[in-house]
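Would you mind keeping the following structure in view while I ask a few things?
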Amino acid sequence: MRSAWLTLLLFLASTGTVAQAQDNRTVVVTRGEYLARAGDCIACHTAPDGQIFTGGRAMPTPFGTLYTSNITPDPETGIGRWSPDDFYKTMHSGRFPDGGLIYPAMPFGSYTKVTRADSDAIFAYLRSIPPVNQKNRPHDLRFPYGNRSLILGWRTLFFSEGEYKSDPSKSAEWNRGSYLVEGLGHCGMCHSPINALGGTPQSEAFKGGLIPMQNWYAPSLTSNREAGLGDWSIKDITDLLQTGVSARGVVYGPMAEVVHNSLQYLNDEDTKAMAVYLKSIAESGTRVPSSSALPTTESSLLTSLGKTVYDARCASCHGAQGEGKPPHWPPLANNQSIEMESAVNPIRMVLNGGYPPGTEGNPRPYGMPPFAGLLSDNEVAAVVTYIRTTWGNRGTPVSAREANELRSAPLN
Amino acid sequence: MSLRIAIAGLGIGLSVQVFPVGAQTPGQPPDTMAARVEACTPCHGNQGEGTSDVYFPRLAGKPAGYLYNQLLAFENGRRKYPPMNYLLEYLGDPYLQEMADYFASQHPPLPAPVPSDVSQDVLRHGEALVTRGDASRQIPACASCHGPTLTGMEPAIPGLLGLRPNYVSAQLGAWRYGTRTAKAPDCMQIVAGHLTEADVTAVAAFLATRPAPENAAPVPKGTYILPFFCGSQPN
């Protein structure tokens with residue numbers, strides 16, 4: 001009888017432990033899913049009409065086309081045979097389990113900052129999704145870039161391995177934001193200039209740049225003349241990151257993807273932490289007007305034609321004074337993305353229009369019409385010149401040639 | 001009780017009058033679908049009636065299921081046209097359904113038929129394929145699926161009126177070459193695969209000469225039996 005009681009007690013104890021272990025596992029997997037969203041893994045590791053995380057998405061680069069890999073837990077074609085150590089090695093060191101070098105299109109330069117616990121959680125989540133047997137497609141790189149040993153040179157120049165180190169002089173919130181922006185968020189992959197070698201020197205981090213192959217300009221996050229958020233309120237920043245629209249501006253193009261697949265899923269605390277960090281990295285300093293390459297007569301002609309086009313096509317939504325009806329119809333006056341040195345984004349918006357992403361906070365976004373078929377190169381240049389130089393905006397005029405060149409920019 | 005309903009009804013009636021659909025909050029865009037789909041209008045017209053560009057189709061009055069299928073196909077890239085793929089890529093499916101419902105509910109008049117620049121022989125050939133098909137070449141009549149009046153059938157078979165020959169030719173070509181596809185069994189790909197280029201020209205030209213019927217709305221689901229099963233038109 002006593003032994004029966006003992007057995008029962010032991011049984012109860014053991015089921016309790018199993019249940020608790022399962023609970024812990026669920027917590028870790030849920031946390032891993034959240035972190036995988038923060039890292040926007042899905043954006044690259046899922047093809048447009050493919051199954052989730054089976055890879056195969058083409059990533060055009062100046063060196064050729066890379067195809068992303070299957071990260072479902074399939075033992076043959078995915079990461080089913082990997083250990084948490086293997087996974088951490090790819091995230092932290094940019095190497096496959098066998099030591100092979102990973103192309104830096106995988107943002108391990110940022111992911112290296114991710115903690116071991118977070119890496120393990122993401123791995124636990126990836127292990128929990130359905131395995132899909134789908135072979136990785138070989139990369140299609142031009143000579144000599146197919147030679148992986150070249151990555152060694154790139155790593156020497158641009159890769160510094162190491163987990164995120166907290167700055168004890170800053171708040172926990174700031175450090176959390178910094179960890180997310182610089183680590184999983186890998187914001188620097190687009191918001192830093194990329195040099196001819198496909199790398200970003202540390203000193204150039206977050207200084208903005210044209211995204212190779214996509215021809216969208218990812219503005220600087222440190223300069224208030226671009227997307228520096230120094231004079232934005234925390235609420236405007238969190239609105240933009242969570243819903244895609246804000247009183248100061250709206251996300252389109254590649255940033256719409258980031259909000260759609262990643263940022264809208266972050267909780268309020270993490271979003272606020274990112275906002276606090278982003279606001280802090282903006283360099284103080286007044287906006288200095290840029291100098292124009294166009295002759296004065298040409299730019300005054302453009303401005304006068306631009307006003308005619310603006311009043312006819314744009315003013316009904318964006319307002320006679322460029323005030324817009326925020327957040328849905330963004331203001332153009334005092335809008336950094338209109339004024340910044342690169343005119344690529346405003347020209348593209350006039351040509352191609354666009355919708356902000358559909359998000360939980362803004363499920364039925366208003367869209368900007370594409371004017372490529374309605375306006376000539378001159379008219380596009382004129383209206384963009386007008387909005388960049390009127391209402392106190394201090395951008396520079398753009399030429400018809402710049403407008404024309406972006407007609408053939410890739411759309412998706 | 002009936003008085004209460006009447007009073008409640010009066011309240012609704014009043015509120016509808018005081019705040020018409022799409023009431024405008026000051027400083028905000030109109031809360032309407034018309035304002036939300038303005039991005040569609042430069043190419044498809046204010047009510048989806050089409051524009052002077054012959055390659056951009058009319059959307060107005062097409063069955064919502066058909067429009068929704070197309071929006072989904074553009075969103076996920078199965079139907080390829082970069083300007084459309086780009087616009088729709090990050091919108092949610094329920095919102096695409098709302099867009100489809102909106103254009104399906106628009107009924108601007110069909111354009112007047114355009115005099116054709118092809119020969120009478122070509123038009124007669126087009127008429128034969130549209131109305132009777134060619135059994136010897138396994139070509140069903142367009143009318144056997146798109147309806148005797150060519151106005152389509154709910155929920156997902158589109159009408160063929162109000163489309164310019166260039167658009168119809170381009171789409172039939174895309175079906176033939178497999179650049180436009182639908183859910184299997186992909187009926188249009190099978191049918192278009194049996195068409196020659198001369199057939200395509202004739203069908204597109206004849207369709208554009210058809211006058212608008214009195215009722216241009218798609219007929220209700222199940223009004224007639226399809227000659228074969230199509231993946232895009234669930235039974």
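The values are calculated or read from the model by the stated rules, or taken from the named source; none is laboratory data. Treat the numbers as computed from the prediction; the structure is a model and nothing was measured. Using ideal geometry, Cβ is built from the backbone for each residue, glycine included, and neighbour counts are taken over all protein chains shown. Just the protein is used for accessible areas: all its heavy atoms, side chains included, with ligands, DNA and RNA removed. Shrake-Rupley method; radii C 1.70, N 1.55, O 1.52, S 1.80 Å.
So, in region A:165-185, how many residues would count as being outside any helix (DSSP H, G or I), within 24 Å of A:Ser262 (Cα to Cα) and open to solvent by 50 Å² or more (accessible area, probe 1.4 Å)?
2
Further question: Among A:Arg287, A:Arg248, which is the only one that is open to solvent by 40 Å² or more (accessible area, probe 1.4 Å) and either at pLDDT 85 or above or touching a Pro at 6+ places or on another chain (Cβ under 8 Å) (or both)?
It is A:Arg248.
I need a count of the residues in region A:27-40 that are open to solvent by less than 20 Å² (accessible area, probe 1.4 Å) and part of a helix (DSSP H, G or I).
Residues in region A:27-40 being open to solvent by less than 20 Å² (accessible area, probe 1.4 Å) and part of a helix (DSSP H, G or I): 4 in total.
Mind checking whether some residue in region A:377-389 is part of a loop (DSSP other than H, G, I, E, B) and either open to solvent by 10 Å² or more (accessible area, probe 1.4 Å) or within 14 Å of chain B (Cβ to nearest Cβ) (or both)?
Among the residues of region A:377-389, not one is part of a loop (DSSP other than H, G, I, E, B) and either open to solvent by 10 Å² or more (accessible area, probe 1.4 Å) or within 14 Å of chain B (Cβ to nearest Cβ) (or both), which makes the answer no.
Within region B:79-111, track down each residue that is of a type in the set (Gly, Ala, Ser) and either modelled with pLDDT under 95 or open to solvent by less than 40 Å² (accessible area, probe 1.4 Å) (or both).
Matches in region B:79-111: B:Gly92, B:Ala100, B:Ala104.
In region A:316-327, which residues are open to solvent by less than 40 Å² (accessible area, probe 1.4 Å) and part of a loop (DSSP other than H, G, I, E, B)?
Once the filter is applied, which keeps residues that are open to solvent by less than 40 Å² (accessible area, probe 1.4 Å) and part of a loop (DSSP other than H, G, I, E, B), region A:316-327 yields A:Gly319, A:Gly322, A:Gly324, A:Pro327.
Do we have A:Leu374 as more than 18 Å from A:Trp216 (Cα to Cα) and in a loop (DSSP other than H, G, I, E, B) here?
yes
From the list A:Ala43, A:Ala58, exactly one residue is within 14 Å of chain B (Cβ to nearest Cβ), touching a residue at least 12 places away in the same chain (Cβ under 8 Å), closer than 23 Å to A:Val132 by Cα and surrounded by fewer than 19 Cβ atoms within 10 Å (Cβ to Cβ). Which is it?
Going through A:Ala43, A:Ala58 in turn, the sole match is A:Ala43.
Listed residues A:Ala218, A:Ala256; which is under 23 Å from A:Gly39 (Cβ atoms), open to solvent by less than 10 Å² (accessible area, probe 1.4 Å) and without any contact (Cβ under 8 Å) to a residue 60 or more places away in the chain?
The match here is A:Ala218.
State all residues of region A:91-144 that are outside any helix (DSSP H, G or I) and under 18 Å from A:Thr200 (Cα atoms); if no residue qualifies, say none.
A:Gly94, A:Ile102, A:Tyr103, A:Pro104, A:Ala105, A:Met106, A:Pro107, A:Thr112, A:Lys113
Between A:Pro363, A:Pro327, A:Pro346, A:Pro357, which is at pLDDT 95 or above and touching a His at 6+ places or on another chain (Cβ under 9 Å)?
Testing whether each residue is at pLDDT 95 or above and touching a His at 6+ places or on another chain (Cβ under 9 Å) leaves just A:Pro357.
Testing B:Asn76 on (1) under 24 Å from A:Gln51 (Cα atoms); (2) surrounded by fewer than 17 Cβ atoms within 10 Å (Cβ to Cβ); (3) modelled with pLDDT under 95; (4) more than 10 Å from chain A (Cβ to nearest Cβ), one condition comes back false. Which one is that?
Among (1) under 24 Å from A:Gln51 (Cα atoms); (2) surrounded by fewer than 17 Cβ atoms within 10 Å (Cβ to Cβ); (3) modelled with pLDDT under 95; (4) more than 10 Å from chain A (Cβ to nearest Cβ), the lone unmet condition for B:Asn76 is (4).
When you scan region B:156-168, do you find a residue that is exposed (fewer than 15 other Cβ atoms within 10 Å of the Cβ) and of a type in the set (Gly, Ala, Ser), even just one?
no
May I pose another question? Residues to consider are A:Leu351, A:Leu374; find the one that is open to solvent by less than 20 Å² (accessible area, probe 1.4 Å) and within 14 Å of chain B (Cβ to nearest Cβ).
A:Leu351
Starting from region B:39-56, take each residue that is more than 11 Å from A:Gly373 (Cβ to Cβ) and list its partners that are crowded, with 19+ Cβ neighbours inside 10 Å and of a type in the set (Lys, Arg), counting only C-beta distances under 8 angstrom and pairs at least six apart or across chains.
Listed pairs, sorted by first residue: B:His44/B:Arg58; B:Gly45/B:Arg58; B:Gly48/B:Arg58; B:Glu49/B:Arg58; B:Gly50/B:Arg58; B:Gly50/B:Arg164; B:Val54/B:Arg164.
Can you tell me how many residues in region A:193-216 are under 25 Å from A:Asp118 (Cα atoms) and either assigned to a strand (DSSP E or B) or in contact with a strand residue (DSSP E or B) (Cβ under 7 Å, 6 or more places away or on another chain) (or both)?
Residues that pass the stated criteria total 0.
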